[in-house]
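Colleague: Can you read through this structure? Questions will come right after.
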Amino acid sequence: MLTHKQDTFARHVATGLSQHDAYLAAYDAANMLTNTVYVEACRLAAKPKVAQRLEQLREAAWKAEHVTRQ
């Protein structure tokens, strides 16, 4: 199970935000260096549970888009 912040990050990435921007939206990163945010966002996206959630969200979005077009 994901934390609320992890799920928020995944939802933002799935809707088109960069990992960097999604991390900033989900976490309190005000005191973090920009490079640190990039690194942490990449690490977060690589975690198996987060990656699985991203795949689920992307698949659902793809299905919704293709059902709507038909």
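Colleague: Find the helices (runs of 4 or more DSSP H) located wholly in the chain whose residues include 1 or more that are open to solvent by less than 40 Å² (accessible area, probe 1.4 Å) and of a type in the set (Val, Ile, Thr), and list them.
Modeller: So the answer is 4-14, 34-46, 48-69.
Colleague: Find all pairs meeting these conditions: Cβ atoms under 8 angstrom apart; at least six residues apart or on different chains; first residue within the range 50-70 and over 14 Å from Thr15 (Cβ atoms); second residue in a helix (DSSP H, G or I) and at pLDDT 80 or above.
Modeller: Every condition considered, the pairs that remain are Val50/Gln6; Val50/Phe9; Val50/Ala10; Val50/Leu44; Ala51/Ala45.
The values are calculated or read from the model by the stated rules, or taken from the named source; none is laboratory data. Computed from a predicted structure; not experimentally measured. Backbone-built Cβ (ideal geometry, glycine too); neighbour counts: all protein chains shown. The accessibility values were calculated without ligands, DNA or RNA, using every heavy atom of the protein model including side chains. Shrake-Rupley method; radii C 1.70, N 1.55, O 1.52, S 1.80 Å.
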